[in-house]
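Accompanying notes for the structure given below.
The values are calculated or read from the model by the stated rules, or taken from the named source; none is laboratory data. Model, not experiment: these values are computed from the prediction. Neighbour counts run over all protein chains shown; Cβ positions are idealised from the backbone, glycine included. SASA here: full protein model, heavy atoms, side chains in, ligands and nucleic acids out. Shrake-Rupley method; radii C 1.70, N 1.55, O 1.52, S 1.80 Å.
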Amino acid sequence: MVAGESNRGTATRVVVLVLTVGILFALVTFFIGDFVVRGPGSLTASPATVAQGNQPAQSAFIHLETVASVDSAITFPRPDDPNPSWVSYLPTTILKVPANSVVTVQIDQEDGASGLRNPFWAKARGIVDGKFHMTYFDDQGNPQEGDFSAIADPATAAHTFAIPDLGVFVPLEAISDAAPAGSMNVITFSFKTGKAGVYHWQCFVPCGAGTIYGNGGPMQTLGYMAGFLIVQ
Ligand SMILES: [Cu+2]
């Protein structure tokens, strides 16, 4: 071996080393940026925009939408979603609300029935006055409106909005098969927050179609059928 060949060998090894380290660095950066810290954005409650009687100024308003698939959203399109065919709450499930206040929630519900496995969840619990307001479509497709403490048939639930640690459970009626295309049931209710904290919330309808017992996929993933209520 002559000196020139040895130098070329060393140079090659250095180049391979630098390239390998560079590629590894890029992969780690991609892994952290696209997987580890990737998550749904948050939605901060706005000051109440609906009548609250003589409730104090701290009252807050959250507007959500439930869809059969992310790509069918009407109110809150989420075009770059990695799972466009998943059932979901929109625009996000990370909700920030004020402590010691009344939070009013409006949900534009556009999904069909999955049905409750446990009929217990058909009754509303833990909400102001024990009732939710709902505009919906009856079996003939006629628009209807009323205040309800439960949905009549647990099998017609599309989703629930539930914060177990606050005792809040609200069933969301499926859109009637007779409703005009593009219709939504609009469900409105209020609940009270106490001290600051982070509370898990989720849907109790096993609505993750195509997963084991309907409880996988969107039921297990932040930003779809589960999230956090951040009381601050
Ligand atoms: Cu659900």
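Quick notes
- Qualifying residue in the stretch 58-76 (condition: small (Gly, Ala, Ser), modelled with pLDDT under 95 and either loosely packed, with under 11 Cβ neighbours inside 10 Å or outside the structural domain of Gln202 (by TED's automatic domain parsing) (or both)): no
- In the condition set (1) out of contact with any Gly (no Cβ under 8 Å at 6 or more places or on another chain); (2) surrounded by 15 or more Cβ atoms within 10 Å (Cβ to Cβ); (3) under 30 Å from Arg38 (Cα atoms), Ile94 is compliant with all but (1).
- Residue within the stretch 184-193 that is in the same structural domain as Val87 (by TED's automatic domain parsing) and either exposed (fewer than 13 other Cβ atoms within 10 Å of the Cβ) or acidic (Asp, Glu) (or both) present: no
Conditions (1) open to solvent by 70 Å² or more (accessible area, probe 1.4 Å); (2) outside any helix (DSSP H, G or I); (3) at pLDDT below 90, marked per residue:
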| residue | (1), (2), (3) |
| --- | --- |
| Arg13 | yes, no, no |
| Gly22 | no, no, no |
| Phe30 | yes, no, yes |
| Leu43 | no, yes, no |
| Thr49 | yes, yes, yes |
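- Within the stretch 60-107, being away from the ligand (no atom under 14 Å from the Cβ), charged (D, E, K, R) and in contact with an Asp or Glu (Cβ under 9 Å, 6 or more places away or on another chain) holds for Asp71, Arg78, Asp81.
- All of Gly194, Gly217, Gly227 fail the test of being more than 23 Å from Ala150 (Cβ to Cβ), touching a Ser or Thr at 6+ places or on another chain (Cβ under 6 Å), modelled with pLDDT under 95 and of a type outside the set (Phe, Trp, Tyr), apart from Gly217.
- The stretch 183-223, residues that are aliphatic (A, V, I, L, M) and within 12 Å of the ligand (Cβ to nearest atom): Val205, Ala209, Met219
- Per-region count, the stretch 156-192, residues over 15 Å from Pro143 (Cβ atoms) and free of Cβ contacts under 8 Å to residues at least 40 places away in the same chain: 2
- Residues that are open to solvent by 50 Å² or more (accessible area, probe 1.4 Å), of a type in the set (A, V, I, L, M, F, W, C), away from the ligand (no atom under 16 Å from the Cβ) and assigned to a loop (DSSP other than H, G, I, E, B) within the stretch 113-159 comprise just one, Ala152.
- Every residue from the stretch 216-232 that is assigned to a loop (DSSP other than H, G, I, E, B) and within 16 Å of the chain's Cα centre (by Cα): Gly216, Thr221, Gly223, Tyr224, Met225
- Checking every residue in the stretch 206-222 against the condition of being in contact with a Phe, Trp or Tyr (Cβ under 7 Å, 6 or more places away or on another chain) and at positive phi gives at least one match.
- The conditions of being of a type outside the set (S, T, N, Q), within 16 Å of the ligand (Cβ to nearest atom) and assigned by TED's automatic domain parsing to the domain that holds Leu172 are met by Glu110.
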